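*Asks:* The structure follows.
The values are calculated or read from the model by the stated rules, or taken from the named source; none is laboratory data. The structure presented is a predicted model; accordingly, all values stated were derived computationally and were not measured. With ideal geometry, Cβ positions are generated from the backbone for all residues, glycine too; neighbour counts draw on all protein chains shown. Remember, those area values only see protein heavy atoms, side chains included, never the ligands or the DNA or RNA. Shrake-Rupley method; radii C 1.70, N 1.55, O 1.52, S 1.80 Å.
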Amino acid sequence: MSRSGLNTICVLGLGYIGLPTASLIASRGVQVIGIDVKQSVVDQINRGKIHIVEPDLEAVTAHAVAQGTLRAATAPQPADAFVIAVPTPFHNGKADLAFVEAAGRSIAPVLKKGDLIVLESTSPPGTTERLVEQIAALRPDLKVPHVGRTEACDIHVAYCPERVLPGRVLTELLENDRVIGGITPACSERAIELYRIFCKGELLQTTARTAEMCKLTENAFRDVNIAFANELSRVCDKLDINVWEMIRLANHHPRVKILQPGPGVGGHCIAVDPWFIVEAAPEESRLIRMAREVNDAKPFLVLDKIKAAIAGDKAAGKPVAVALLGLAFKPDVDDLRESPALHIAEAVAGWGEGSVIVSEPNIAELPECLSGKPGVRFETDVHRAVADASVVVMLVNHRPYAAIKSDELKGKTIVDTRGVWS
């Protein structure tokens, strides 16, 4: 039993954030009900298995299921706290909050006096306040909190963004500081009780709107810095300068830390969150918009290099075979969301130029967008993928690719977007 009185926690959305959060809370002896709309995910978790790649997560999940503190279902059930960790995609210039709204509708019937609702999904400023309005409309019998008011309410609502790195999610959920923004100070304090169950980091109290903006700002900051590196790579290409060497030398300055360029920016966070700021304040966010445009354009520059390499092979009378190394949005994960590498692979596969050999060591089969495409082959042997190609494209520097020797690359055209062989 939790000392906070939060004895049963319902986590909505069992993806890359929801499942680790649910499993960690359950590992502390608190009853957790994980909710996901996919029956296959629910069944898998109830067997103590997981559907995503994340170090140590399966062991924690299996233990929690075995000890009876974690179970999964497809519909919310009564609980003391509800954590909403559902996707918030970005479509047509606006954040798609349909999943958040659906989560609100689903929990409304089971809410009772004293319950806590925490939204973790990355959201534009004001989303938590709109969630409160939704609950108020669906449950007029419950007194909801209001910004700027201090009177007692029947339920508490707060926003607490995740700030974790794939591949280190469990460690960072435990150790990272958390920003907790309540609709009222009392809401913040109630949410802090929840995160004290498992979080060792500092719990920083603020307003819901500030917490929402904080998450977006963290990722926009990284996006702007990546855009600077990606723009440098374009400048250096034009001036015939090795960008990797130049950045390495520049970073010897004691107050300079330039990031590494790449084929673009992927993942659900950095590639999406800055647009939420642009949507909320378009005239005041010109630099943030420009950084997004720079990073979104980078895959097309990579495609131009691949086209040039293919043209060179054709001019030399060689059979065209392109090996694409990596599909994930970053090294050593299976997450393909918003991945520039995947978008590049889709484009190359659509050209119909010779054979396309796809390598991605963290997935078992090609994603649907590539599966069955003429001339596309999924190769699990890294060395065979390189051996069979005339053009080798390094898209994601996964650890297994470190085994590729320089001798294996002789006579091949290399497009290195990560500086591995530069």
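*Asks:* Could you pull out the residue among Ala297, Ala309, Ala323 that is small (Gly, Ala, Ser), part of a helix (DSSP H, G or I), touching a strand residue (DSSP E or B) at 6+ places or on another chain (Cβ under 8 Å) and on the phi < 0 side of the Ramachandran plot?
*Replies:* Ala309
*Asks:* Looking at Asn251, Asn176, can you tell me which residue is within 26 Å of Lys298 (Cβ to Cβ), modelled with pLDDT of 95 or more and polar (S, T, N, Q)?
*Replies:* After applying the criteria, what remains is Asn251.
*Asks:* Take Glu353 and tell me if it is out of contact with any helix residue (DSSP H, G or I) (no Cβ under 8 Å at 6 or more places or on another chain) and in a loop (DSSP other than H, G, I, E, B).
*Replies:* On the way: out of contact with any helix residue (DSSP H, G or I) (no Cβ under 8 Å at 6 or more places or on another chain): no; in a loop (DSSP other than H, G, I, E, B): yes.
Spelling it out, it is not the case that Glu353 is out of contact with any helix residue (DSSP H, G or I) (no Cβ under 8 Å at 6 or more places or on another chain) and in a loop (DSSP other than H, G, I, E, B).
*Asks:* I would also like to ask the following. Please list, ordered by first then second residue, the pairs with beta carbon atoms under 6 Å, 6 or more apart or interchain, first in segment 103-126 and within 15 Å of Ile9 (Cα to Cα), second aromatic (Phe, Trp, Tyr) and open to solvent by less than 10 Å² (accessible area, probe 1.4 Å).
*Replies:* Ile107/Phe82; Ile117/Phe82; Leu119/Tyr159
*Asks:* Name the pairs: first residue in segment 236-250 and among the aromatic types (Phe, Trp, Tyr), second residue modelled with pLDDT of 95 or more and open to solvent by less than 100 Å² (accessible area, probe 1.4 Å), Cβ to Cβ under 7 Å, at least 6 apart or on different chains?
*Replies:* That search, which allows pairs on different chains as well, returns Trp244/Gly419.
*Asks:* Additional query: Within the set of pairs 6 or more residues apart or between chains, which connect a residue that is polar (S, T, N, Q) inside segment 130-141 to a residue that is open to solvent by 80 Å² or more (accessible area, probe 1.4 Å) with Cβ atoms less than 8 Å apart?
*Replies:* Qualifying pairs under 8 Å: Gln134/Glu101; Gln134/Arg105.
*Asks:* Which fully enclosed strands (runs of 3 or more DSSP E) of segment 83-202 have 1 or more residues being open to solvent by 30 Å² or more (accessible area, probe 1.4 Å) and in contact with a strand residue (DSSP E or B) (Cβ under 8 Å, 6 or more places away or on another chain)?
*Replies:* Numbers: elements: 116-119, 156-159, 178-182.
So the answer is 156-159.
*Asks:* Also, I was wondering about something else. Residues being under 29 Å from the mean Cα position of the chain (by Cα), within 20 Å of Arg209 (Cα to Cα) and of a type in the set (Gly, Ala, Ser): count how many of those fall in segment 99-156.
*Replies:* Residues in segment 99-156 being under 29 Å from the mean Cα position of the chain (by Cα), within 20 Å of Arg209 (Cα to Cα) and of a type in the set (Gly, Ala, Ser): 5 in total.
*Asks:* Inside segment 56-82, can you point out the residues that are of a type outside the set (Gly, Ala, Ser), free of Cβ contacts under 8 Å to residues at least 60 places away in the same chain and open to solvent by less than 50 Å² (accessible area, probe 1.4 Å)?
*Replies:* Thr61, Val65, Thr69, Leu70
*Asks:* In this structure, is Leu342 of a type in the set (A, V, I, L, M, F, W, C), crowded, with 19+ Cβ neighbours inside 10 Å and in a helix (DSSP H, G or I)?
*Replies:* Yes, satisfied.
*Asks:* Further question: Would it be correct to say that Ile258 is under 24 Å from Pro331 (Cα atoms) and either open to solvent by less than 10 Å² (accessible area, probe 1.4 Å) or polar (S, T, N, Q) (or both)?
*Replies:* Values: under 24 Å from Pro331 (Cα atoms): yes; either open to solvent by less than 10 Å² (accessible area, probe 1.4 Å) or polar (S, T, N, Q) (or both): no.
Judged against the criteria, Ile258 is not a match.
*Asks:* Further question on the same structure: Quick one: what pairs do we get from segment 191-207, first residue over 15 Å from Arg28 (Cβ atoms), second among the small types (Gly, Ala, Ser) and crowded, with 18+ Cβ neighbours inside 10 Å, C-beta under 7 Å, 6+ apart or different chains?
*Replies:* Matching pairs, first to second residue: Ala191/Ala158; Ala191/Gly182; Gln205/Ser188; Thr206/Gly181; Thr207/Gly181.
*Asks:* Between residues in segment 284-313 that are farther than 12 Å from Gly264 by Cβ and residues that are open to solvent by 40 Å² or more (accessible area, probe 1.4 Å) and small (Gly, Ala, Ser), which pairs lie under 8 Å by C-beta distance while being six or more apart or on different chains?
*Replies:* Pairs that qualify, where the first residue is farther than 12 Å from Gly264 by Cβ and the partner is open to solvent by 40 Å² or more (accessible area, probe 1.4 Å) and small (Gly, Ala, Ser), are Ile310/Gly354; Asp313/Gly354.
*Asks:* Give the number of residues within segment 203-217 that are under 27 Å from Thr61 (Cβ atoms) and open to solvent by 20 Å² or more (accessible area, probe 1.4 Å).
*Replies:* The first filter runs over segment 203-217 and keeps only residues under 27 Å from Thr61 (Cβ atoms), leaving 203, 215.
Applying the additional criterion that residues be open to solvent by 20 Å² or more (accessible area, probe 1.4 Å) yields 203.
Here the count works out to 1.
*Asks:* As an exercise: evaluate Ala349 against (1) free of Cβ contacts under 8 Å to residues at least 24 places away in the same chain; (2) of a type in the set (Gly, Ala, Ser); (3) buried (at least 16 other Cβ atoms within 10 Å of the Cβ) and give the number of the one condition it does not meet.
*Replies:* Every condition holds for Ala349 apart from (1).
*Asks:* Can I ask one more? Provide a single number: the residues in segment 362-406 that are charged (D, E, K, R), farther than 17 Å from Leu342 by Cα and in contact with a strand residue (DSSP E or B) (Cβ under 9 Å, 6 or more places away or on another chain). Talk me through it step by step, then tell me what you get.
*Replies:* If we filter segment 362-406 for residues that are charged (D, E, K, R), which is where we start, we get 365, 368, 373, 377, 379, 381, 384, 388, 399, 405.
In the following step, the residues that additionally are farther than 17 Å from Leu342 by Cα were identified as 381, 384, 388, 399, 405.
Still in the running and in contact with a strand residue (DSSP E or B) (Cβ under 9 Å, 6 or more places away or on another chain): 381, 384, 388.
Final tally of qualifying residues: 3.
*Asks:* Do the conditions hold for Arg289, that is, is it in a helix (DSSP H, G or I), open to solvent by 80 Å² or more (accessible area, probe 1.4 Å), within 22 Å of His398 (Cα to Cα) and not aliphatic (A, V, I, L, M)?
*Replies:* no
*Asks:* State all residues of segment 379-407 that are open to solvent by less than 50 Å² (accessible area, probe 1.4 Å) and farther than 25 Å from Gln260 by Cα; if no residue qualifies, say none.
*Replies:* Glu379, Ala385, Ala389, Ser390
*Asks:* Ok, one more. Checking Leu409 against (1) at pLDDT 95 or above; (2) within 21 Å of Ala308 (Cβ to Cβ); (3) in contact with an Asp or Glu (Cβ under 9 Å, 6 or more places away or on another chain), only one condition comes out false. Which one?
*Replies:* (3)
*Asks:* Quick one: in segment 35-74, which of the residues that are assigned to a loop (DSSP other than H, G, I, E, B) and of a type in the set (Ser, Thr, Tyr) is nearest to Gly13 (Cα to Cα)?
*Replies:* Only one residue tops the list, namely Thr74.
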